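Trainee: Quick one: structure below, then a few questions.
The values are calculated or read from the model by the stated rules, or taken from the named source; none is laboratory data. Everything numeric here is computed off the predicted structure, so don't read it as measured data. Every residue, glycine among them, receives a Cβ derived from its backbone with ideal geometry; neighbour counts consider all protein chains shown.
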Amino acid sequence: MSEIKISRTHSLDLADAREVAEGVAARLKKDYGLDCVWKRNVLHFSRTGLTGELHVSAHDVRLEATLGVLLGFLKPRIEKEIEAQFDKYFNPPLAKKARSPGGTAGGKKKTTRR
C-alpha cells in the first residue's frame with residue numbers, strides 16, 4: 001500500500017475553502033466514482049483501492065490517502081494531479097487576487113511522499 005500526503009496553505013476563509021473542496025469532491029465523485037462524506041470539516045472519500053481524507057481549515061487543506069496495490073503503481077501520476085488541483089484552487093496569490101485586485105499573499109507548498 002502506498003500513501004499520499006499533500007498540504008497547501010491558502011488565503012480563503014473556511015466557508016470558501018470548504019466550498020472549493022465540495023466542488024472538487026463533486027467532480028471526483030462524477031469522474032472516478034468516489035463515495036464522499038463530510039464529517040465536520042473533513043471530507044472522507046473511498047472507492048475500491050483508495051481511501052482518504054481531505055482536511056479543510058481556514059488556513060490550509062491537507063489530503064491523506066492510502067492507495068491499494070493496483071493504484072499504487074499510479075501514485076506519481078495521482079500525486080501530480082492532486083498537486084495541480086491544489087495549486088489551481090487553493091493557490092494563495094491567485095485566490096487573494098480574485099478577492100482584492102492587486103493583492104498578493106504568501107503561501108507554503110508542502111508535499112510529503114512515502
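Trainee: Cβ contacts < 9 Å: first residue touching a residue at least 12 places away in the same chain (Cβ under 8 Å), restricted to region 24-42; second residue assigned to a loop (DSSP other than H, G, I, E, B), any location; separation 6+ or different chain. Result?
Mentor: ALA25/LEU34; LEU28/LEU34; GLY33/THR48; ASN41/SER57
Trainee: Now, a different point. List the residue pairs whose Cβ atoms are under 9 Å apart, where the first residue sits in region 54-79 and is in contact (Cβ under 8 Å) with a residue 60 or more places away in the chain, the second is exposed (fewer than 15 other Cβ atoms within 10 Å of the Cβ) and among the aliphatic types (A, V, I, L, M), and the two are 6 or more positions apart or on different chains.
Mentor: THR66/MET1; LEU67/MET1; LEU67/LEU74; GLY68/MET1; VAL69/MET1; GLY72/MET1
Trainee: Could you identify the single residue in LYS108, LYS75 that is farther than 22 Å from GLY23 by Cβ, at pLDDT below 50 and either under 16 Å from the mean Cα position of the chain (by Cα) or not basic (Lys, Arg) (or both)?
Mentor: LYS108
Trainee: Applying the selection to region 28-41, what residues are surrounded by fewer than 14 Cβ atoms within 10 Å (Cβ to Cβ) and in a strand (DSSP E or B)?
Mentor: ASP35, VAL37, LYS39
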